[in-house]
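Engineer: Please see the structure below; I have some questions.
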Amino acid sequence: MNFSDLEKIGAGKIVQAVADPAITYLITDSRKAVLNEGSLFFAIEGPRNDGHAHIAKLYQLGLRQFVIEKNIDVEKYPEASFLIVSSSICALQIIAEVHRREFEIPVIGVTGSNGKTIIKEWLYQLLSPDYSVAKNPGSYNSQIGVPLSVWSIQLHHQLGIFEAGVSQPEEMQQLEKIIAPSIGIFTNIGTAHDEGFETLEQKIAEKLKLFVHAKILIYCSDHRAITTAVLQSNIKKFSWGASPISDIIAIATESDYHISFHEKSFNLSIPFSDQASRENAMHCVAVMLYLGYNPETIQTRINGLKPIPMRLELKEGINQCQLVDDTYNNDLAGLQISLDFLSSLQKKKVVILSDILQSGMSEEELAKSISSLLLKKQVHEFIGIGPALRSQQRYFSEIPFCSFYLSTEDLLNQFDFSSFYNRLILVKGARVFQFEKIVQRLQRKVHGTIMEIDMGKLVHNLNYFKSKLKPDVKVMAMVKAFAYGSGSEEVANLLQYHRIDYLGVAYADEGIELRKKKISLPIMVMNATEESFATMLSQNLEPAIYSLKLLKAFAQFLGHRKAVVHLEVETGLHRLGLEEDDWDEVIKLLKKNPEIEVRSVFSHLSGSDEKRHDSFSYKQFDRYQKFYNRLYRELNSKPLRHILNSAGILRLPEFQMDMVRLGIGLYGVDPTGEKIAGLEMAATLKTVISQIKKIKPGETIGYARRGVAEIEMTTATIAIGYADGFSRSFSNGRGSVLLNGKKASVIGNVNMDMTMVDITGISAHEGDEVIIFGEGIPINEVADSIGTIPYEILTNTSERVKRIFVSEGI
C-alpha cells in the first residue's frame, strides 16, 4: 500500500502529495517515531495532547507522510505528503482493515475481561513450532493498538493471534473488521470496565461482536452468563467445561484435568496451581484439540509453558546498572516496543539480543532492520547472540561497541559483565536462548522480598486524574519519600517521558539525586533550608518559601542573582506556611527584590479527603484567595495557583485553579475512602516462603514465645520483617498476608528479617510467593488492620527491598 492509495480506500483526502513510497510503519506517538521513508504519522487530537503540535519537529527529523485531522499550512512542509481526515483513528483502522483483507490466513481473535494477553502469548508458544505467527506486541488491544498490531501481518505469516479489548458499547464492531477472526476465544467476564456498560449482559453482547463472522467460538461453558449469551446467538460454538453438554468435558482434579473429547478420554496435567492460569491453559488446550493436535503433543507443549510476564521488567542490576528483562519472546514488533521503553530512561543503552526466529525475512534484511532500529534509538552497545546475527555483524558497524556470540553459553563464559557500569541494559531473546541466565548474571543479588511497580498502572492513574481536570490545568507530581516508597528515579523518568509539568520533592537532596539522573523537569523543594540554598541554585531547584525568616535569608543569599520560588501560605493546616501577620512584610520584601520570581502560590487543605470537612476547606480556600489577590494586585504578576492534592482532585474540582498536586493517587491508592473505581493499585509488595514447619499443640513460635499453637498447626516463615518495613504492629494476628489466594495470619512477633504466618489448611510449598499488599489484599485493608494509613505502609517499605518496574510498552 502506497500513500496514493489512501484516498482510494476511503481513508481521507490527499491535500498535498510529493513522493509515493510504500507505507512501512504506522506511527501514532511522536516519541516513538521510526524515521523511515515509508513511515506514516497519524496526528491525533485528544483531550490533553494534540499530535498536530509535533508535525514540525517530525518533519525536521525527516518524516514525510502525515495524516491530519485539521487544516494546517501544508506549504510550510514542501517535501511532505498530507492526508486530511475526519478522524485519524478511523483512518488508521481503515488502513489496517484493508491490509488485513489481503491475507487469507486463519486468525484467532481473543477477548474477555481477563487473561487475553496470557492466552495469546501461550498460544504463540504452543503453535509457533508449526506456524509462522503474527500477534499483538504486549497488550496492544485497543482501538489504536489493534490496527497497529494487524499491520504487522506479512506474506510469510501462516497464522494470526490478536486480542481485542473494549471499554464501552459500539467499540468492538470496528475491531472485528480489522481482526476478522476465523477462530474466536471468549476468556471470561468480570468487572473490568463495568463503568462503561449498563449491565453485564450488555458487556457480553458487545464482546461477542468480535465473533459475528468467525467459523467457531471457543469458550468455557462453566461461565453461565457467557454460555447463555452464546446459545442465544447464531455463532457456532465449541465449548469446554464440566457440563456434560460441553464439546470438551474437562473435569478438574487437584493436579490435572480429566478430558473427554470425541469418544476419547485422557488425563492432562496443567503445570500451574492457581485457578486463573489453569483456566487460561485450558482455553489453549481447547484450541489445540479443535485444530486436531493429539493429547501427547498437547501435554508435551503444555509442560513447556512458563508464566508470562507480559511486560518489560525494570530491575536493579550490578554496578549501578538498570536491567530491562524482556526475555519471554523476540520479534521485530516487540523489539520496537522495548526500545521505545528504553528511550524514556536516561542512561547509556546496551542491547543484548538473540537471533529473531521465524521473521519471514532473509538474515541480511533482518540485520539491516535491527541495526536501523538500534541506531535510531541511540543504542551505545550491542551484543548479538546466535549464528544469524553473528554472520551479519557487518551491518552493525555504526554502533559504537558491538560483539557477537554463537550461543548464550559463549557469552556467559567469555564476556566480562563487570565492565558494565551505570548502564541501561535491555536483555531480549527468544525462549530457546535461555536469556534468563543472562538476567541472573546481571541482576543485583538481594533477598526474595520485592516491591513490584506496574508502570502501565502508573500511567493509567495519571491519565485518570488528568481526565478529572479542566483544560490547561497543570499537574505537579509528588515524588517525595522515595516516590512513596516506589523509587524516585524510575517514577520521575516515567513522568518526564509523559510530559508532566512539575515534580515536587520534600528535601533538596531528593531533587539533587533526580538532577544526577538527568531529570530536567522543574522541581519544587517543599522543605527548603538555608543550608541548601547554594545547592538548590546550582541544580536549578525551586524552593518553597514558608516563612518570613526563610524569605529574608533567601533574599540575602541571592544578592542580585535571579531565582524562582514558590510561596506556601498558612490557611489552617498549621504545619508550614506564611502567617497572615507576615503578609505585608512578605509582599514588601518581594517588591524590594524583583530578582525573586514567584512561580507559584500554594497551600494545603486539611480535610480534602472527607466531606465533613468541606466547609473548612472552603474557609481555607477563601483565606488562600485573600493572600493571592493581594499579591497579584501589589506585584502585578500572576503566579500559578494550586491547593489540591489527590483527594482534592477527586472531591473538590472547583478548586483546581492553575495546577494540582498528584501524590499517592498516582499509585492507585484511593485517598478518599470512597472506593474510586477508576484507580489501579500500581505497587505490589511480595516475598517468598523460606521454610514450612509443623507445630505441635502447646509449642510456641517466635521471640518472647508470643505465638502459641493451641492445636496442631502449620507455619510458614516468610522473608520479610520490620527492617523491610513490615511493621511489628502486624504481630500476633493483627496482620495477614495472601498465599495462593488465601489469607494467612501473622503468628507471634514480627522479627527484624522474618515473620511467621499460620498456613494451616492452605496448600503451600517452600519458595511460594506471598503477597503483603497488592491484588487480593488491598493496601487500604492492610493499613486498617494496624490503625494506620496507606501512605505509611508504602513509605515504610525499606530501600533494601528490591524494586522491580514492569511495563507493557507504555
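The values are calculated or read from the model by the stated rules, or taken from the named source; none is laboratory data. All values reported here derive from a predicted model rather than from experimental measurement. Heads up, the Cβs are rebuilt from the backbone with ideal geometry, glycines too, and the neighbour counts pull from every protein chain shown. Surface areas here come from the heavy atoms of the whole protein model, side chains and all, with no ligands, DNA or RNA. Shrake-Rupley method; radii C 1.70, N 1.55, O 1.52, S 1.80 Å.
Engineer: Quick check on segment 509-563: of everything there that is part of a loop (DSSP other than H, G, I, E, B) and aliphatic (A, V, I, L, M), which residue is farthest from Asn593 (Cα to Cα)?
Structural biologist: So, considering only residues that are part of a loop (DSSP other than H, G, I, E, B) and aliphatic (A, V, I, L, M), the one farthest from Asn593 (Cα to Cα) is Ile519.
Engineer: Do we find that Ala286 is at pLDDT 90 or above, in contact with a Cys (Cβ under 9 Å, 6 or more places away or on another chain), closer than 19 Å to Ile185 by Cβ and part of a strand (DSSP E or B) in this structure?
Structural biologist: When the stated conditions are applied, Ala286 does not pass them.
Engineer: Let me ask you something else. Pairs under 6 Å by beta carbon, first residue closer than 19 Å to Met536 by Cβ in segment 563-580, partner open to solvent by less than 10 Å² (accessible area, probe 1.4 Å) and of a type in the set (Ser, Thr, Tyr), six or more apart or different chains?
Structural biologist: His566/Ser600
Engineer: While we're looking at this one, here's another question. From Leu389, Leu373, Leu323, which residue is aliphatic (A, V, I, L, M), within 21 Å of the chain's Cα centre (by Cα) and not in a loop (DSSP other than H, G, I, E, B)?
Structural biologist: Among Leu389, Leu373, Leu323, only Leu323 is aliphatic (A, V, I, L, M), within 21 Å of the chain's Cα centre (by Cα) and not in a loop (DSSP other than H, G, I, E, B).
Engineer: Still on this structure, I have one more. Considering only strands (runs of 3 or more DSSP E) fully contained in segment 63-119, which possess at least 3 residues that are farther than 14 Å from His52 by Cα and open to solvent by less than 10 Å² (accessible area, probe 1.4 Å)?
Structural biologist: 107-111
Engineer: Tell me, which strands (runs of 3 or more DSSP E) wholly within segment 627-706 include 2 or more residues that are closer than 26 Å to Arg599 by Cβ and of a type outside the set (A, V, I, L, M)?
Structural biologist: In segment 627-706, 640-642 are the strands (runs of 3 or more DSSP E) which contain 2 or more residues that are closer than 26 Å to Arg599 by Cβ and of a type outside the set (A, V, I, L, M).
Engineer: So is Glu570 touching a Gly at 6+ places or on another chain (Cβ under 6 Å) and closer than 29 Å to Gln625 by Cβ or not?
Structural biologist: Criteria met by Glu570.
Engineer: Let me ask something else about it. Give segment 119-137 a look and list any residue that's in contact with a His (Cβ under 9 Å, 6 or more places away or on another chain) and touching a residue at least 60 places away in the same chain (Cβ under 8 Å), or say none.
Structural biologist: Result: Ile119, Trp122, Leu123, Ser132, Val133.
Engineer: If you don't mind, another one. How many residues are among the hydroxyl-bearing types (Ser, Thr, Tyr) and under 34 Å from the mean Cα position of the chain (by Cα) if we restrict to segment 258-295?
Structural biologist: 3
Engineer: Mind telling me which of the residues Ile695, Ile701, Ile804 ends up being in contact (Cβ under 8 Å) with a residue 60 or more places away in the chain and crowded, with 17+ Cβ neighbours inside 10 Å?
Structural biologist: It is Ile804.
Engineer: Out of everything in segment 189-210 that is open to solvent by 20 Å² or more (accessible area, probe 1.4 Å) and either under 22 Å from Leu148 (Cα atoms) or polar (S, T, N, Q) (or both), what residue ends up being modelled with the lowest pLDDT?
Structural biologist: Thr191
Engineer: Among residues belonging to segment 768-784 that are surrounded by 15 or more Cβ atoms within 10 Å (Cβ to Cβ) and small (Gly, Ala, Ser), point out the one that is nearest to the chain's Cα centre (by Cα).
Structural biologist: Filtering segment 768-784 for residues that are surrounded by 15 or more Cβ atoms within 10 Å (Cβ to Cβ) and small (Gly, Ala, Ser), the one nearest to the chain's Cα centre (by Cα) comes out as Gly774.
Engineer: If I ask for residues that are touching a strand residue (DSSP E or B) at 6+ places or on another chain (Cβ under 6 Å) and open to solvent by less than 20 Å² (accessible area, probe 1.4 Å), which ones from segment 647-659 would you list?
Structural biologist: Correct list: Ile649, Met659.
Engineer: A follow-up question, please. Could you check, for segment 278-293, whether at least one of its residues is open to solvent by 60 Å² or more (accessible area, probe 1.4 Å), in contact (Cβ under 8 Å) with a residue 40 or more places away in the chain, among the acidic types (Asp, Glu) and under 20 Å from Thr117 (Cα atoms)?
Structural biologist: no
Engineer: Further question on the same structure: Buried (at least 18 other Cβ atoms within 10 Å of the Cβ) and assigned to a loop (DSSP other than H, G, I, E, B): is that true of Val757 in this structure?
Structural biologist: No; evaluated as a whole, the condition is false for this residue.
A quick yes/no check of all residues on (1) open to solvent by 10 Å² or more (accessible area, probe 1.4 Å); (2) touching a Leu at 6+ places or on another chain (Cβ under 9 Å):
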site: Thr535; (1), (2): yes, yes
site: Pro543; (1), (2): no, yes
site: Tyr546; (1), (2): yes, yes
site: Leu551; (1), (2): no, yes
site: Glu580; (1), (2): yes, no
site: Trp583; (1), (2): no, yes
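Engineer: Something else: Can you tell me which residue among Ala33, Ala11 is touching a Phe, Trp or Tyr at 6+ places or on another chain (Cβ under 8 Å) and either closer than 30 Å to Ser467 by Cα or modelled with pLDDT of 90 or more (or both)?
Structural biologist: Testing whether each residue is touching a Phe, Trp or Tyr at 6+ places or on another chain (Cβ under 8 Å) and either closer than 30 Å to Ser467 by Cα or modelled with pLDDT of 90 or more (or both) leaves just Ala33.
Engineer: Also: Within segment 429-472, can you find the residues that are buried (at least 20 other Cβ atoms within 10 Å of the Cβ) and part of a loop (DSSP other than H, G, I, E, B)?
Structural biologist: Selection gives Gly429, Ala430, Phe435, Thr449.
Engineer: Do you know which residues across segment 417-458 are modelled with pLDDT under 85 and small (Gly, Ala, Ser)?
Structural biologist: Across segment 417-458, the qualifying residues are Ala430, Gly448, Gly456.
Engineer: On to the next question. State which residue is surrounded by the fewest Cβ atoms within 10 Å (Cβ to Cβ) when the search covers only segment 241-270 and only residues that are part of a strand (DSSP E or B) and in contact with an Asp or Glu (Cβ under 7 Å, 6 or more places away or on another chain).
Structural biologist: Across segment 241-270, the extreme among qualifying residues is Ser269.
Engineer: Only one of these is farther than 30 Å from Ile676 by Cβ and at pLDDT 90 or above: Ile119, Ile183. Name it.
Structural biologist: Ile183
Engineer: Can you report the number of residues in segment 146-170 which are under 25 Å from the mean Cα position of the chain (by Cα), under 17 Å from Ile95 (Cα atoms) and open to solvent by 10 Å² or more (accessible area, probe 1.4 Å)?
Structural biologist: Total satisfying the criteria: 3.
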